[in-house]
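Q: Please see the structure below; I have some questions.
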Amino acid sequence: MRLKNLLKHDNIVIQSHDNPDADSLASGYALYSYFKSKGKMVRFIYSGRYKIQKSNLLLMIEKLNIPIEYVEKPIEIDLLITVDCQYGTGNVTRHKAKEIAIIDHHQLEINPDQYKYSDIRSYLGCCSTLVWQLLRKEGFDVNSDVKIATALFYGLYTDTGQLGEIFHPLDRDMRDMLHYEQATILTLRNSNISLEELEIAGLALLRYIYNDKFRFAVIKVKPCDPNILGLISDFLLQVDCIDTCIVYNEVHDGIKISIRSCIKEVKACELASYLTAIIGSGGGHNEKAGGFIQRRLFEAQYNNMILEAYFTERMNQYYESFEVIDATQYTVDLTQMKKYRKTRVPIGYVKLSEHIREGTPVLIRTLEGDIDIIVEDRIYIILGVYGEAYVMEEERFLQTYRPVTAKISYSAQYMPVIKNQLDGTSISLDKFAQACAAKEDEDVYAKPVNIITKLFTRWEPDNYMYGDVGDYIAVNKQDMSDIFIINKDIFHLSYVEVD
């Protein structure tokens, strides 16, 4: 969906869900400003049983001049855009409209085929990010109005546990690019918890479940702002015998969760994905993550299982589901492996010093996470066809690859971006990538992974490679200490069995 396709309508109503939060206010406000700039008659509304009461939201509306209206009775509309929600679901008052567009970041709850216009991306941390990207496609600069930029930043801030549970690189892109009012964010941040919410957090901490075998804690919290979950999670990780924790509460259509980890064997983002698999969505980064479980999917999958039991059982299953391998201590058993040869499929490479001055600190943003490095003449970035990025030293690159003339076909949800940490500029790596292929036949011994494997390589002793069932664990024929994991899709594309 493109916003420009909606400009054929002159009278437009943007609707938040019935219990607006900062993300829905920010998303609706930004869309309102876009359509207003195009000369459209536009309203921003919400309905439901109660008017907005939370102090930080009232302050946000006042300070940023957000023109939201409370509408009690159903109205008839030319074009209705539901934002941070999906038309026809339980948390949205139904208004009659000639045409409907849906912009949301929650799990798909409607049949999008019945609506001509919809953009629903459950992998994003907040709806503000989706709106930001839609506006960028239309050339609408949100930074031209500091109030819009501040609203979008605060929407992201609140929906991702104070930025601790960011799901996706697009969320991180928006966070880095917005020019917001720091003073306003500080004021809103320090008005975010009421005395009632302080009491909610205190009571929740008294009712924890603790597992001393795997050193994790689970806490249920009464209905509250998602920020409270992050606050409790951060506090729990200060306890000396807790390595990981889950804090959750029930909302109208599901379960919101906040996850923390302080051990290298468990990435919070991976644990969030595990707990929400099939029934929701989750992600974040290594230490902090979050997610959402859709109620109807949970009930269908687990037959109304008590939530405390679900999280406790799943956590036990999680810890028993994987093995940890330290490549520096691992003895390879070649009798269990077959020999494979890497095919010479063209992939991309970028020599950073040809585009950014040496000595510059940069951040390489990928779907798997951020990589911080200093630009050196000997550093190359390798780009795989699925958008994966690897840092490689020149000596190893020249030994392994040679430049070729070829067109690379990428198939990625997000292509890696490199951000200059000194001036804030960004470039998409695929725009500068040249093609290369394996210089010589590269042989490996490999076998399928039959249990989830977390491999700490010789090159990265503090950050594991994740191997799911069906992926491959491989060892370089020329260097038996060079052990690594290969995604099953990439493996079948890039390797063939040899005698």
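The values are calculated or read from the model by the stated rules, or taken from the named source; none is laboratory data. Since the model is a prediction, treat every value here as computed from it, not as a measurement. All Cβ positions, even for glycine, are placed from backbone atoms using ideal geometry, and neighbour counts span all protein chains on display. We work out accessible area using only protein heavy atoms, side chains counted, and drop any ligands, DNA or RNA first. Shrake-Rupley method; radii C 1.70, N 1.55, O 1.52, S 1.80 Å.
Q: Output the residue which, of all residues in segment 310-361 that are of a type in the set (S, T, N, Q) and free of Cβ contacts under 8 Å to residues at least 12 places away in the same chain, is farthest from I427 (Cα to Cα).
A: T335
Q: Quick check, is I293 open to solvent by less than 20 Å² (accessible area, probe 1.4 Å), within 23 Å of the chain's Cα centre (by Cα), farther than 24 Å from D462 by Cβ and β-branched (V, I, T)? Spell out the reasoning first.
A: Numbers: open to solvent by less than 20 Å² (accessible area, probe 1.4 Å): yes; within 23 Å of the chain's Cα centre (by Cα): yes; farther than 24 Å from D462 by Cβ: yes; β-branched (V, I, T): yes.
Judged against the criteria, I293 is a match.
Q: Would a scan of segment 106-123 turn up a residue that is among the hydrophobic types (A, V, I, L, M, F, W, C) and within 24 Å of C269 (Cα to Cα)? Lay out the reasoning, then the answer.
A: Looking only at segment 106-123, we keep the residues that are among the hydrophobic types (A, V, I, L, M, F, W, C), and these are 108, 110, 120.
The next check asks that each one be within 24 Å of C269 (Cα to Cα); those that pass are 108, 120.
The answer is yes, given that some residue of segment 106-123 is among the hydrophobic types (A, V, I, L, M, F, W, C) and within 24 Å of C269 (Cα to Cα).
Q: Residue under question is L195, and the condition is that it be farther than 16 Å from G290 by Cβ, out of contact with any Ser or Thr (no Cβ under 8 Å at 6 or more places or on another chain), of a type in the set (A, V, I, L, M) and touching a residue at least 60 places away in the same chain (Cβ under 8 Å); does it hold?
A: Taking the combined requirement at face value, the residue does not satisfy it.
Q: Could you please find all residues in segment 79-91 being over 25 Å from the mean Cα position of the chain (by Cα) and closer than 15 Å to G28 by Cβ?
A: Of everything in segment 79-91, those that are over 25 Å from the mean Cα position of the chain (by Cα) and closer than 15 Å to G28 by Cβ turn out to be L79, L80.
Q: Within segment 433-448, track down each residue that is at pLDDT below 90 and either open to solvent by 50 Å² or more (accessible area, probe 1.4 Å) or touching a His at 6+ places or on another chain (Cβ under 6 Å) (or both).
A: Of everything in segment 433-448, those that are at pLDDT below 90 and either open to solvent by 50 Å² or more (accessible area, probe 1.4 Å) or touching a His at 6+ places or on another chain (Cβ under 6 Å) (or both) turn out to be K439, E440, D441.
Q: Still on this structure, please answer the following. Kindly provide the set of residues from segment 154-168 that are more than 16 Å from M60 (Cβ to Cβ) and not small (G, A, S), ordered by number.
A: T160, L163, E165, I166, F167, H168
Q: Looking at I473, I490, I485, I451, which is the one that is β-branched (V, I, T) and out of contact with any strand residue (DSSP E or B) (no Cβ under 7 Å at 6 or more places or on another chain)?
A: The conditions single out I490.
Q: Return yes or no: is L229 more than 16 Å from the chain's Cα centre (by Cα), surrounded by fewer than 23 Cβ atoms within 10 Å (Cβ to Cβ) and not in a loop (DSSP other than H, G, I, E, B)?
A: When the stated conditions are applied, L229 does not pass them.
Q: Identify, please: which residue in segment 86-99 is assigned to a strand (DSSP E or B) and charged (D, E, K, R) and is, among those, least open to solvent (accessible area, probe 1.4 Å)?
A: In this case the residue turns out to be E99.
Q: How many of the residues making up segment 470-493 are outside any strand (DSSP E or B) and either under 18 Å from Q399 (Cβ atoms) or touching a helix residue (DSSP H, G or I) at 6+ places or on another chain (Cβ under 9 Å) (or both)? Walk me through how you get there before you give the answer.
A: As a first pass, look at segment 470-493 and keep what is outside any strand (DSSP E or B): 470-471, 477-478, 487-493.
If we keep only those that are either under 18 Å from Q399 (Cβ atoms) or touching a helix residue (DSSP H, G or I) at 6+ places or on another chain (Cβ under 9 Å) (or both) as well, we get 470-471, 477-478.
Matching residues across segment 470-493 total 4.
Q: Considering only segment 368-402, state which residues are acidic (D, E), more than 18 Å from L493 (Cβ to Cβ), under 26 Å from the mean Cα position of the chain (by Cα) and open to solvent by less than 70 Å² (accessible area, probe 1.4 Å).
A: D370, the sole residue that qualifies.
Q: Go through segment 61-85 and count every residue that is open to solvent by less than 20 Å² (accessible area, probe 1.4 Å), within 27 Å of G125 (Cα to Cα) and out of contact with any helix residue (DSSP H, G or I) (no Cβ under 9 Å at 6 or more places or on another chain). Write out each step before concluding.
A: Applying the first criterion (open to solvent by less than 20 Å² (accessible area, probe 1.4 Å)) to segment 61-85 yields 64, 66, 71, 77, 79-85.
Checking which are within 27 Å of G125 (Cα to Cα) leaves us with 64, 66, 79-85.
Checking which are out of contact with any helix residue (DSSP H, G or I) (no Cβ under 9 Å at 6 or more places or on another chain) leaves us with 80, 82.
Total satisfying the criteria: 2.
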